[in-house]
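Okay, structure first, notes after.
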Amino acid sequence: MPKQHLRYEYRIFCDDPLSFTKRIDRSFSKLEEKSSSETYLLFSNRKEYNLKIRDEHLDIKQLVERREGFQKWRPIPPQEIAGVLEELGLRSSSDDLSGLIQECGEREDASVAELFKSRTLYARGDVLTEIATGEIEGEPYASIAAESSDLEQLSDVVKELKLAKLPNTSYIEKLLQQTRR
């Protein structure tokens, strides 16, 4: 999914993604399938930041707005990452991923969560959708997400796919629930 612009997101976690998958397959174009192992750095008192290590690279995004049930996220550009890490009280740099993981594992207000994800990406207009399945700390999960910089288009897709039957839950919220932090 694109990383360099503000975007609204709606993500659900569900037990059976099949009905959502059928709706997405009917009206969206399949882009690609990917699998990845990811490490999330979680902060119980700073839930507005999503810090994820994937493919030996640290990505950070910041929740900047909740609007009409949607979450608006801003990807943190590389030149701002050091400032965010400092704000979070981390001493390690984005080049020292094992140091960041170790620091978070040692802190009372932070934790580390491992996630394996197989995902299929789809697009229609300015809206991207993702069907993801995998494991969070060894427990199976399924997630359906839709995102766009265009809130009106995204809102229409969320209604069409009937995603709003379940609460909009970010990976950070889900991981914090699952790790009880």
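Nothing in this text is a laboratory measurement; each read-out follows from the coordinates by a stated rule. Treat the numbers as computed from the prediction; the structure is a model and nothing was measured.
So the values come out like this:
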read-out: Helix axis angle, 97-106 relative to the chain longest principal axis, alpha carbon, degrees; value: 80
read-out: With Cα atoms, 0 to 90° folded angle of helix 151-161 axis to the chain main axis; value: 60
read-out: Candidates VAL112, VAL84, VAL127, ranked by Gaussian network fluctuation over the chain, Cα under 10 Å, top entry; value: VAL84
read-out: Separation between Cα centres of region 125-181 and region 72-123, rounded to whole Å; value: 20
read-out: Total lysine pairs whose alpha carbons fall under 18 Å of each other in region 7-179 (8 or more apart, or interchain); value: 20
read-out: Between helix 78-87 and the chain: long-axis angle, C-alpha atoms, 0 to 90°, nearest 10; value: 60
read-out: More than 24 angstrom apart: percent of Cα pairs within region 55-181; value: 38
read-out: Computed [θ] at 222 nm, deg cm²/dmol, the chain (DSSP H ≥ 4; -39,500 (n - 2.57); rounded to nearest 500); value: -8000 deg cm²/dmol
